[in-house]
Amino acid sequence: MKYIDKILESGNTVFKANEIALLLDIENKNTLKSILQRFKKAGIIIYHWLGLRSLKKYNPYELASKIKSKSYISLETVLQKEWVIFQDYENIVTLISDKSFEQKIDTKIYSFYKIKDTILLNTIGIKDMGKYMMATKERAICDRIYLTPSYYFDNLSNLNIKLLEKLSTIYNNSTNLRIKKLINELK
C-alpha cells in the first residue's frame with residue numbers, strides 16, 4: 001500500500017480530496033474516488049464535514065484550519081491553553097475568521113467568530129504552527145476584548161506588555177482604550 005505510506009509520510013492528519021490527489025500524484029478523478037472509498041472501507045480515512053477527510057487520529061487544530069482556511073485559533077482555546085482562564089473548553093476549538101458559524105465534528109465544536117479583515121489579516125501576535133495558525137495569549141486577549149468588552153480573565157500574569165500595546169493599535173478605539181486600561185491595571 002504505497003499510497004498509505006505517502007499519506008502517513010506527509011505529516012498531515014487532515015486532507016481535502018485535491019490534496020490527496022496531489023500527494024498521491026493521481027489525475028484521474030475516478031481513480032482517486034476508488035482509492036478514497038477503499039481507504040474509508042478499510043477504516044484508514046474518516047470522512048468529515050464538507051468533504052474533509054482525516055486519519056483516525058487527527059489534530060483538531062489542523063481540522064479547524066481546513067474547515068476555514070482564512071482563520072486562526074484564538075479566544076478560549078488559547079486562553080485556556082495559556083492559563084489565562086481556568087474554565088474547561090476542551091471540547092470547543094475557538095477561532096477568529098471572516099465568518100461566524102459553528103460546526104460539531106466528532107466530540108468537538110468548532111466555533112468561528114467573525115472579525116474585520118483589517119484585524120484578521122494582520123499577522124502581529126499570530127504564530128505559524130505549521131499546519132495551522134495560532135494567536136499568542138496577548139492576541140487572544142485582544143480578540144476577546146474586541147468581541148466581548150467586559151470579558152473577565154482569571155490570570156493576567158506573565159503577559160508581554162509591549163506586544164499587548166503593539167497589538168492594541170490594530171483594533172478599534174474602544175478596544176484600544178480597554179486594552180490600555182488593562183495594561184495600566186497590570187503595572
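Please treat every number below as a calculation from the coordinates, not as lab data. Owing to the predicted nature of the structure, the values given are computational and were not obtained by experimental measurement. Here Cβ is always computed from backbone atoms with ideal geometry, including for glycine, and neighbour counts include all displayed protein chains.
Things worth noting here:
- Summary of packing: across the peptides 63-72, 33-42, the per-residue average of other C-beta atoms within 10 Å ranks them, highest first, as 63-72, 33-42.
- Residue-wise HN-Hα coupling along the stretch 160-172, computed from phi with Karplus coefficients 6.51, -1.76, 1.60 (Hz; x: Gly, Pro): 8, 4, 5, 5, 4, 5, 5, 5, 4, 6, 8, 9, 6
- With the convex hull of its Cα atoms as the shape, the chain has an orientation-averaged projected area of 11.6 nm².
- Within straight-line reach of Lys99, meaning a Cα separation under 15 Å, sit the following aspartates and glutamates at least 8 residues removed in sequence or on another chain: Asp117, Asp143.
- Summary value for the chain: 16 percent relative contact order, contacts being C-alpha pairs under 8 angstrom separated by 6+ residues.
- Share, in percent, of DSSP beta bridges within the chain that are antiparallel, nearest 5: 70 percent
- Compactness relative to 2.2 N^0.38 Å, alpha carbon Rg of the stretch 4-62: 1.03
- Helix-only [θ]222 nm of the chain, DSSP H runs n ≥ 4, -39500 (n - 2.57) each, per residue, nearest 500: -12000 deg cm²/dmol
- Using a cut-off of 21 Å between Cα atoms, the listed pairs Lys68/Lys166; Lys56/Lys137; Lys68/Lys180; Lys162/Lys187; Lys33/Lys131; Lys66/Lys166 include Lys68/Lys166; Lys56/Lys137; Lys68/Lys180; Lys33/Lys131; Lys66/Lys166 as exceeding that distance.
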